[in-house]
Each structure stands twice: as C-alpha cells, then as structure tokens.
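**Student:** What follows is a single structure, and I will ask about it in a moment.
Please treat every number below as a calculation from the coordinates, not as lab data. The structure presented is a predicted model; accordingly, all values stated were derived computationally and were not measured. A quick note on method: Cβ atoms are made from the backbone with ideal geometry, for glycine too, and the neighbour counts reach across all protein chains shown.
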Amino acid sequence: MPGKKRSMTVRRFFTLILAYLMFCVAGGVVVSGFLFPGVFAANVAAKKLMPAMNIDSIDFDVTDLPQQSRIYASDGKTVIATFYAQNRIVVPIGEVSDYMQKAVVAREDRRFFEHAGVDTQGVLRAFIQTYIKKGDTQGGSSLTQQYVKNVLMSQAEEENDPIGEYHAREETIARKMREMLIAVQMEKKYTKAEILQGYLNIAQFGTKVYGVETAAQHYFSKSAKDLDPGEAATIAAVTKNPARFDPTVNVEESQEQRDIVLDLMHQQGYITAKQNRESKAKPLKDMLHVKSVDAGCQAAGDAAFFCDYVTKQIINSSEFGKTRQDRVRLLNEGGLQIYSTMDVKANEAAMNAARNTIPVEDPSGFEVTIAAIRPGTGEVLGFGLNRIYDATDKSGGTRTAINYAVDQNDGGGLGNPVGSTWKPINMAAWMKQGHSINEPLRTSTNYPESVFNCQGPDGVKYDFKSVNWHVENSGGGTVGTETPLQGLIKSHNTTQASMAQQIGLCAIADTAKDMGYHNSISSAMDVYSNLQPPMIIGADQASPLTMANVYATLAANGKACTPISLKKVIKRNGESMPIPKANCHQAIDPAIAQTVAYALNQGVVQPGGEARVTQLDGGRKTFAKTGTHENMYMLTGGFVPQVAAFVAVGNAERQDRDKDSFTNRTINGRTMRTWYGMYIATPAWKDFMNTYLAQANIPIDNNYGNPDPKYTGGPDTGQPDKGQPQPREEDRDGGDDRSRQQGQGEDQDDEQEDVDQ
C-alpha cells in the first residue's frame with residue numbers, strides 16, 4: 001500500500017540501498033564482506049523481503065530468449081506460418097541501426113555508457129521525487145535494470161512460475177534492490193554492447209511485438225539495420241507504454257512521443273538539428289508500412305490446414321520433447337526453422353480443385369477433401385478442402401479447424417468409408433497368396449461368415465459368426481464366374497467376396513497394413529480392431545491421406561512410407577533436430593504393384609472401364625479407381641508415378657442417412673437424381689492432378705504398369721480370356737456395387753447413366 005511504501009522505515013531502507021549501490025559502483029566490485037554495518041543490514045533486510053534473491057540460477061545469455069518459430073514450404077523460402085508466445089526475431093547488435101541503438105539510450109537511460117549498471121543519479125532523483133516530495137512514483141531504473149526485469153519475467157513465464165513472474169513485476173523496494181544487485185554484477189560479465197543487444201531483443205515494442213527486429217518489420221516493413229532516425233525514435237518511444245504508444249493503436253500520441261525522443265537524441269548529440277527537424281516534419285501515418293503480426297495457422301490462409309498438420313506432427317512426436325507441454329513450448333518459443341514437405345503449387349491446386357467442385361458456401365453443405373503425396377518418399381504435398389480454417393470460438397458451418405484429410409490423432413475427423421477404392425488392396429493380397437488375376441472364380445450373393453475365418457498376427461484366431469453375409473453388385477445379384485481382373489474392372493462386390501473366402505480376411509488385412517492402411521479413428525486405428533467381411537468392399541473408415549498413401553505404395557513399385565510433413569528442423573543455434581522418419585520399405589513385391597497398376601490402367605481407366613473419366617491430359621498413363629459408399633460418400637483415388645492423390649466428398653460432420661444422402665441433391669447448381677463418384681469426386685481428382693502436374697512441369701512417364709506373367713497367367717489384353725464367362729449385360733456398364741447386411745449399406749461404383757433434373 002502507498003502509505004507503507006512512503007513510511008520512514010522504507011525511506012531509511014532505501015537510503016541504505018543507495019549507500020550500498022554507490023559503494024558497488026565506486027569500488028567496482030561486489031564484496032562478500034561489507035565494510036560497514038548499515039549496508040550489511042540492508043542486504044539482510046532485502047533477503048528477508050525477497051527470499052529468491054539467488055542470482056546464480058538466472059540465465060542471462062543475451063541470445064537465449066523466447067523466439068518465434070517459422071514453418072516454410074518445401075521451397076525453403078515461402079513462409080507458411082509463424083508461431084510464438086512472444087513475437088520475436090533475435091538479431092545481433094551489428095544488425096541494428098546506430099540510430100535505433102542511440103534512440104533507446106536517449107529515451108531510457110542517457111547515462112547508460114557511463115554508469116556501472118545502476119544510475120545513482122537517476123535513483124537519487126527518483127527517491128527524492130517519490131519519497132521526499134511525495135510526487136508521482138519514479139522508477140529510476142537503468143537500461144541494464146530494465147533488461148534484468150525483462151529477463152526475470154521471461155524466465156518465470158518460460159518455467160511456468162506464476163510466483164516468480166509476480167515477484168518480477170511487483171512494485172516493491174525488494175524487487176528494485178534485486179534488480180540493482182544483479183545489474184551491477186551483469187555489467188562485470190557483459191559489455192555494454194551485449195547488454196544493449198539483450199535489451200533491444202527482449203523489450204516489448206507494441207501489442208504482441210517483442211524485440212526491435214520484429215518491431216521494424218511490423219511498423220515499417222524493413223529490417224532494424226535500415227531504420228532512420230524518425231523510425232528509430234518511433235519504436236524507442238513505444239516501450240514506455242506498449243499498449244498506449246503503439247502507432248497502430250494511437251498514431252497521434254505515438255507521433256508526439258516520437259518527437260520527444262528525437263529531441264532527446266538531438267540533446268545527446270546523436271542526431272543533428274537538421275535531422276531532428278526533418279524527421280519531426282514527417283507525419284507518422286505516412287511513414288508506417290504495417291505488416292501483419294498474426295500468428296499460427298490462423299494466419300496461414302490456404303496453407304492453414306497443412307500448417308495444422310505440421311503442428312500436430314511436432315506436438316505428437318517425442319523427437320521434439322518428452323512431454324506435450326515441452327513440445328508446445330518449443331514450437332512457440334524455440335526459434336525453430338521448420339522446413340515442411342508442402343509444395344506450394346500442389347496445395348494451391350488442391351484447395352482450388354476442392355472449391356471449384358463444391359463452393360465453400362454451397363447450400364448442399366458437402367465437404368470436398370483432397371490429399372496428395374509423393375510416392376516413394378512419404379512426403380505430403382498438400383491438402384484441399386472447401387472449408388475456411390478457423391481455430392477460434394467463432395468456427396462452425398463452413399469454418400473449421402478440423403482437417404478432414406488426416407487422421408483423428410493429427411487433427412482430423414473420424415474418416416469416411418472408402419468404398420470400392422479399397423479393391424486394389426484385395427487384388428494385391430490375392431497375388432501375394434500366389435494367385436493369378438485371371439483365375440476364374442465362382443461368385444455368389446450369400447457367403448457364410450465362417451468361410452472368412454483366419455489367423456492374424458501373433459497367432460490370434462478370428463472366428464466369425466455362423467451367419468450369412470448377403471452381398472450384391474449394384475445392378476442386383478451377381479455374375480456366374482469371373483476373374484479378379486474382371487471383378488476390379490466392373491467393381492463387383494461378389495467377386496471380392498469370392499477372393500476373400502479363398503485367402504481369408506487376415507491375408508487382406510495384412511496386405512492393407514503393409515501398404516500403409518490404418519483406420520482414422522484414434523481408438524481403433526489397427527485394421528484388426530474391427531475385422532469384418534464388409535472391410536473388403538470399403539466399409540472401414542480411413543482418412544484421404546491414408547488412402548492416398550496406399551495408392552502411393554502402388555505407384556512406388558510396392559515401396560510403402562509413413563506420411564511425413566517435415567523435411568528438416570533447425571534449432572536457433574543452427575543445429576538440426578531429429579525428425580519423424582518416413583521409414584520407407586518394400587511392402588509388396590514390385591511385380592505385384594506393377595500388375596495392380598496395369599489392372600487399374602488397362603481395365604479401369606481405359607475406354608470401357610468404370611473409371612475412364614479419370615484419364616489425365618496429354619495421353620498421360622493414368623491409374624485410378626472410383627467409389628461410392630451408401631450414396632453418402634463419393635470417392636476417387638489414383639496416381640501417376642510421381643504423384644498420388646485421393647478425394648472424398650460427403651458430409652464429414654454428420655452421419656444422417658436422410659440428410660447426408662446425395663439422392664435428388666442440388667450441388668454447385670446441378671441437380672441429379674443419382675450421384676456417383678465419377679460425377680463429383682473424379683472431376684476434383686482430375687482437376688487437381690492436371691493442374692499440379694502442368695504447373696510443376698512433371699514429365700509424362702508412361703513406362704509404369706507392366707504386368708508380371710506370373711500373376712496374369714500369360715499375356716493379357718485387359719479383357720476377359722476366351723472361353724471365360726462374360727459379365728451379364730446388366731453389369732456391362734453398371735459397375736455400381738452394393739452390399740447389404742444388418743447395418744451394412746451399399747458400396748457402389750460409378751457406371752449408371754446420370755439423370756439431370
């Protein structure tokens with residue numbers, strides 16, 4: 001309370017402090033045995049008032065300050081986002097203009113280059129003004145003391161020590177004495193230039209603006225080394241009251257304070273009279289070139305969803321700290337230079353394709369989600385969502401912080417059933433068991449679940465119920481005898497079931513895991529967590545990124561990689577940090593990958609195939625598969641050797657069959673009775689692929705997709721062999737498939753004629 005602070009006891013105590021400080025400055029050393037009892041008494045009293053006066057534990061490394069971290073795109077130049085607890089860019093004193101250095105000295109401590117840490121004249125003046133004349137409270141702090149105060153507050157905040165932070169801020173004699181004691185000792189350890197450098201980097205120069213470099217960039221869009229006298233005076237004036245004198249908050253008052261600093265600089269001989277006049281003649285509002293200091297993914301624009309994925313990868317990875325709290329602190333204060341895998345062109349093409357397919361504010365409310373990855377590397381290239389990233393409490397509707405392209409653990413949703421885009425996995429598993437894709441299979445609409453029994457990892461047996469699984473193709477019923485190749489071309493569910501009963505569900509589940517598949521839901525990511533027959537027609541829920549990665553395995557000669565978002569992370573000391581690895585490995589035989597690719601291209605994409613509309617521009621050999629799940633999700637996955645991508649369209653936020661059905665819906669101005677993936681997911685996939693491949697100048701490589709005779713039973717044209725049964729007429733151009741079983745809906749593909757209404 002004010003009365004106590006101005007009592008005679010406090011006055012006598014303050015006088016003893018002054019005596020001690022004058023002795024320290026005059027003697028040039030801090031001695032452990034004091035030369036007179038009064039000073040000794042002052043030190044004892046201070047320690048009682050402030051028990052935490054041990055200065056040995058304080059880190060006064062002038063370069064060790066909380067600094068902003070930056071995420072860059074894969075080009076190493078484009079800044080995606082900046083993160084900070086305190087928005088700060090640390091620079092050496094040599095990169096701060098002489099005008100800026102002198103402006104701070106003139107404003108804050110004109111005897112800085114003369115005193116030894118404590119300005120005894122300033123302290124005495126403050127003492128007389130505050131305690132003798134009983135006027136306004138005066139601080140009398142030297143620039144060194146102010147630096148000490150800032151460091152103590154920063155250290156307490158970094159250590160999550162609210163008590164220490166309170167003591168660093170409180171207006172007490174004990175706090176002042178502690179600062180003085182430390183300031184005197186600091187001046188013996190550091191040069192004036194080092195202390196000034198520390199102060200310029202730690203001080204607050206505006207709302208959410210810390211350090212002189214950040215201030216220069218924010219207010220004038222230039223480096224601190226290029227500041228002229230007027231700009232330097234403006235920034236130096238702000239620190240006296242960062243909220244009040246911020247020129248973006250109150251330009252008139254900020255200009256008035258600028259002019260005061262210019263006068264002080266002139267009085268100290270730091271600028272000439274002419275420089276003073278000319279600088280004051282410039283209206284501050286005309287000098288400002290404000291650059292945003294918005295932080296985090298919220299300010300990342302169309303890269304926001306990728307930015308969010310990067311942050312989740314850091315926060316979830318032990319390479320960046322033992323605890324989640326440690327990792328968050330490192331991101332916000334560690335001054336990391338984070339180089340991501342995001343290709344600017346790919347991310348832009350994906351975002352545009354998503355919004356072109358279904359505009360953000362389209363009344364249908366359906367989400368379009370795109371994920372792209374570079375085969376053989378695990379590098380995620382970008383995401384596309386027809387949503388606006390918003391992590392504030394104002395999110396909702398078309399604004400969300402959920403990245404539907406990734407797993408729940410990475411900030412995504414629950415994923416979505418993948419429908420017939422799963423079926424290439426079945427073909428790979430079939431060949432892994434030594435079968436040919438031209439082997440004739442008898443099909444049925446009814447399969448006892450017991451025929452799918454199998455033995456999983458670690459010898460675990462999966463025995464299914466003795467009930468019947470009823471499964472149909474989209475045209476109804478089944479076909480007589482059909483090969484796996486024909487079953488993929490026409491996307492027949494009954495053929496997938498026939499394959500599974502021969503090799504068992506576990507063989508398919510194992511192959512899916514090998515190829516990079518897992519479920520999106522964090523509590524049940526392993527494919528074995530809910531192993532059921534409908535898995536083989538895409539009933540399980542996965543993220544678009546996971547499915548893009550599965551197709552990337554097919555594109556990379558069977559090499560599977562864990563998706564990664566980081567290329568390298570550099571600490572502020574220039575050292576590289578360990579980062580999550582892609583762990584690329586040979587998951588399936590290259591001959592199997594090539595043969596599946598052959599089937600996707602020759603049978604599925606080529607004229608007559610159910611995914612023929614995926615064919616990319618310029619005769620580029622295209623590998624793709626479409627799908628529809630219960631008329632609620634439209635899907636397309638595919639690749640060329642250099643890029644794999646997956647598209648999902650549906651309502652990722654609701655699971656209401658009536659509200660989320662595509663039946664009789666108007667989407668982007670087009671009304672149709674029946675929608676299929678080829679009408680909406682495929683155009684988005686094709687738009688992205690054509691745009692990105694062209695913009696990135698990725699050459700055409702038509703040498704991929706060569707089948708191995710071991711798995712084709714000899715030369716094959718992609719058409720059924722002579723003597724093999726032909727698909728029924730109703731299924732020739734009608735590869736929509738369906739599966740019905742208690743609670744199981746339809747898994748379809750895209751060959752029905754569209755009906756515009």
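**Student:** Once you list every other residue whose beta carbon is under 14 Å from the beta carbon of residue 295, what net charge do they have if Lys and Arg are +1 and Asp and Glu are -1?
**Tutor:** Computed value for this residue: +1.
**Student:** Where does the charge balance sit around residue 283 when Lys and Arg score +1, Asp and Glu -1, over other residues with C-beta under 11 Å from its C-beta? List each step's numbers first, then the result.
**Tutor:** Values: positive: 258, 280, 282, 285; negative: 252, 286.
With Lys, Arg at +1 and Asp, Glu at -1, the neighbours total +2.
**Student:** Could you point to the residue in 301, 332, 381 farthest towards the positive end of the range 297-388's charge dipole, with +1 and -1 charges on the Cβ of Lys/Arg and Asp/Glu respectively?
**Tutor:** Toward the positive end, the furthest listed residue is 332.
**Student:** To the nearest 0.05, what FRET efficiency results for residue 670 and residue 192 with a Förster distance of 60 Å applied to their C-beta separation? Walk me through the intermediate numbers first.
**Tutor:** Working: r = 72 Å, r/R0 = 1.20.
Approximately 0.25, to the nearest 0.05.
**Student:** Pop a pseudo-label 7 angstrom from the Cα along the beta-carbon direction at both residue 581 and residue 702 and give the gap in nm to one decimal.
**Tutor:** Reported label-point gap for residue 581 and residue 702 is 3.9 nm.
**Student:** Something else now. What net charge do the residues around residue 345 carry, taking every other residue with its C-beta under 13 Å from that of residue 345, with Lys and Arg at +1 and Asp and Glu at -1?
**Tutor:** Charge balance in the 13 Å sphere: -3.
**Student:** Determine the gain in length on full extension of the stretch residue 361-residue 263; use 0.36 nm per residue of separation and subtract their C-alpha separation, reporting nm with one decimal.
**Tutor:** This chain segment gains 29.7 nm when fully extended.
**Student:** As I understand it, the dipole of the range 424-566 uses +1 on the Cβ of Lys and Arg and -1 on the Cβ of Asp and Glu, about the Cα centre. Which of 527, 545, 467 lies farthest toward its positive end?
**Tutor:** 545
**Student:** Now for a different question. With charges set only on the Cβ (+1 for Lys and Arg, -1 for Asp and Glu), what does the dipole of the range 273-382 come to about its Cα centre, in debye to the nearest 20?
**Tutor:** My answer is approximately 760 debye.
**Student:** Which of 432/686; 149/274; 77/240; 423/581; 102/312 have a Cα-Cα distance over 32 Å?
**Tutor:** Violating the 32 Å Cα-Cα cut-off are 149/274; 77/240; 102/312.
**Student:** Using a Förster distance of 60 angstrom, determine the FRET efficiency expected from the C-beta separation of residue 325 and residue 439, and round it to 0.05.
**Tutor:** Calculated value: 0.60.
**Student:** Another question, if that's okay. Given the options 592, 604, 565, identify the residue whose Cα lies farthest towards the positive end of the charge dipole of the range 558-611 (+1 on Cβ of Lys, Arg; -1 on Cβ of Asp, Glu).
**Tutor:** 565
**Student:** Subtracting the Cα-Cα distance from 0.36 nm times the residue separation, let me have the gained length for residue 111 to residue 79 in nm, one decimal.
**Tutor:** 7.4 nm
**Student:** Let me ask something additional. If each of residue 388 and residue 250 carries a label point 7 Å out from its Cα toward its Cβ, how far apart are those two points in nm?
**Tutor:** So the two model labels end up 3.3 nm from each other.
**Student:** Here is a follow-up. Per q in 0.13, 0.14, 0.23, 0.26 Å⁻¹, report the Debye log10 I(q)/I(0) for the range 72-114, using one uniform scatterer on each alpha carbon and no solvent.
**Tutor:** For the range 72-114 at q = 0.13, 0.14, 0.23, 0.26 Å⁻¹, log10 I(q)/I(0) is -0.53, -0.58, -0.89, -0.96.
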